[in-house]
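Colleague: Got a structure for you, written out below as structure tokens; questions coming shortly.
The values are calculated or read from the model by the stated rules, or taken from the named source; none is laboratory data. For clarity, every value in this text was computed on a predicted model and none was experimentally measured. Glycine also receives a Cβ, built like all others from the backbone with ideal geometry; neighbour counts cover every protein chain displayed.
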Protein chains: 2
Amino acid sequence: MAKIATTVYEQIRTAILTGELSNSERLVEEDLAVSMGISRTPVREALRRLAAEGLVDVSPNRGARVAEWDVHDLREIFDLRSILESHACELATPRASAAEIEFLENVCLEMEELAQTELSSETRLPALAARNRIFHGKIIEMSNSTRLGLLIETLIHVPIVMQTYKVYSPEALQRSLHHHREIVNAMKAGDEVWASSVMRAHVLAAREEILGQPDPA
Amino acid sequence: MAKIATTVYEQIRTAILTGELSNSERLVEEDLAVSMGISRTPVREALRRLAAEGLVDVSPNRGARVAEWDVHDLREIFDLRSILESHACELATPRASAAEIEFLENVCLEMEELAQTELSSETRLPALAARNRIFHGKIIEMSNSTRLGLLIETLIHVPIVMQTYKVYSPEALQRSLHHHREIVNAMKAGDEVWASSVMRAHVLAAREEILGQPDPA
DNA sequence: ACGTTAAATTTTGTATACAAATAGAGCAGC
DNA sequence: GCTGCTCTATTTGTATACAAAATTTAACGT
């Protein structure tokens, strides 16, 4: 239990990601501090870190609020993700080991099985979202570019907030799973153009799926 | 003179960028604080911000050091810049106004004139580097994507450190200026594929120019 | 001499105290 | 009733104090 600042950073972060802290809600340092039984100092540090990641907005002398995003922001984010994640695929493909391919195939399988079960969406959706993050994260890791990973990480926070609420249509879910399979197949074939193209399409399709639906608020 | 933290942030930042603080030098909070006549608190905040931008590395309980980069890091950075700046060109081209094109042409002209003068490289290089940053920054601004701008900004710090020391070969300089001209011409023609392709080549050429030369340390 | 361990010093992390700035309530004037 | 002001109360920004951790120094034994 090393650093308090890190702990409170994670707490506030998950509070935002789960929607516990609603959009553009004001984050008063002292309130957060007393509610966690600590002093303002680590809270302040955590808020600045969250600001650097784009999860909160801070104005000088006026404090921090939970960041909010409009449709234009989401378009930007998904466009950039489509470019960067496709690049990750391009880099990962020639480096992919048999074990890594197998790992990705396993994630695919798990997601396909989850998709077939008749679980309520309350339990199924988070499980799918978690696997999805693992799949994308693994490919980024395989790309062996730390900066690329950092860049994508900063972009991914906002979509994660949405994923908790968003219910994908059955067709979109199927398409998404097929994309994953196709990406792995392309990587197995050593075809980085194929792999990166599917990844690009995959993220752009997700963009339309999310921007097409009405706001859940 | 609002916030001390911002002032000290900028001071440390330029100290790193000008090479005044050498590579992997340790940054002790108290030392920096007394040398600027302030307390540790704003210094600490500044260091965390610099860490978020990748200019310093901080380890828990072990403080901050000036970040250092190897050849692999530089490759990563230039590869990503080539992708993102080319994307900026793609977005900017259909949006470019006549005034913006003219502005870019002016920057081209100034750089061409500077290149012809027989000034010592000590004065000429910073002037060229400044214009270069203006040129690229303008195109990013024209892309109208704040997130794209932020992403590129985080990548650009390290190359800026190099630009201060690096002496370009005359041929590389000429090629660079021709690239700039060609980019503007492509934008004027409304051809975003052309424009983004030249930009991609432009950044990749810069990568080879920098990675090809031996280390100045 | 060398390496290992133990104190001493330095340095980071957190808490508290105070100053400066902002936001909000209440009131005057129109 | 609405606008603009002043004064109060929050809230942020900075300084200082203290505790925990790490680094350095010194001593000790083999």
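Colleague: Which residue is farthest from the other protein chains (Cβ to nearest Cβ), if the candidates are limited to the range B:40-78 and must be crowded, with 19+ Cβ neighbours inside 10 Å and farther than 28 Å from B:Ile4 by Cβ?
Modeller: B:Phe78
Colleague: While we're looking at this one, here's another question. Does at least one position in the range A:115-122 carry a residue that is modelled with pLDDT of 85 or more, within 15 Å of A:Pro159 (Cβ to Cβ) and not polar (S, T, N, Q)?
Modeller: No, the range A:115-122 contains no residue that is modelled with pLDDT of 85 or more, within 15 Å of A:Pro159 (Cβ to Cβ) and not polar (S, T, N, Q).
Listed here are the residues, each with its yes/no results for (1) within 16 Å of DNA strand C (Cβ to nearest atom); (2) in contact with a Gly (Cβ under 6 Å, 6 or more places away or on another chain); (3) closer than 23 Å to B:Glu10 by Cα.
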| position | (1), (2), (3) |
| --- | --- |
| B:Glu45 | yes, no, yes |
| B:Gly54 | no, no, yes |
| B:Trp69 | no, no, yes |
| B:Glu85 | no, no, no |
| B:Cys89 | no, no, no |
| B:Ala98 | no, no, no |
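Colleague: Give B:Glu53, B:Glu29, B:Glu45 a once-over and let me know the one that is outside the structural domain of B:Pro159 (by TED's automatic domain parsing), under 23 Å from A:Leu150 (Cα atoms) and within 10 Å of DNA strand D (Cβ to nearest atom).
Modeller: When all the criteria are applied, what remains is B:Glu45.
Colleague: Follow-up question, since we're still on this one. Which residue pairs have Cβ atoms closer than 9 Å, lie 6 or more positions apart in sequence or on different chains, and pair a first residue in the range B:182-202 that is at positive phi with a second residue that is surrounded by 18 or more Cβ atoms within 10 Å (Cβ to Cβ)?
Modeller: Pairs that qualify, where the first residue is at positive phi and the partner is surrounded by 18 or more Cβ atoms within 10 Å (Cβ to Cβ), are B:Gly190/B:Thr93; B:Gly190/B:Ala96.
Colleague: Identify all residues within the range A:13-29 that are in a helix (DSSP H, G or I) and at pLDDT below 95; write none if there are none.
Modeller: Selection gives A:Arg13, A:Thr14, A:Ala15, A:Ile16, A:Leu17.
Colleague: Quick check: anything in the range B:81-103 free of Cβ contacts under 8 Å to residues at least 12 places away in the same chain, assigned to a helix (DSSP H, G or I) and either within 13 Å of DNA strand D (Cβ to nearest atom) or in contact with a Lys or Arg (Cβ under 6 Å, 6 or more places away or on another chain) (or both)?
Modeller: Within the range B:81-103, not a single residue is free of Cβ contacts under 8 Å to residues at least 12 places away in the same chain, assigned to a helix (DSSP H, G or I) and either within 13 Å of DNA strand D (Cβ to nearest atom) or in contact with a Lys or Arg (Cβ under 6 Å, 6 or more places away or on another chain) (or both).
Colleague: Just to be sure, is A:Glu110 within 14 Å of another protein chain (Cβ to nearest Cβ) and surrounded by 15 or more Cβ atoms within 10 Å (Cβ to Cβ)?
Modeller: No.
Colleague: Of (1) loosely packed, with under 13 Cβ neighbours inside 10 Å; (2) more than 17 Å from the chain's Cα centre (by Cα); (3) part of a helix (DSSP H, G or I), B:Glu10 satisfies all except one. Which?
Modeller: All conditions are met except number (2).
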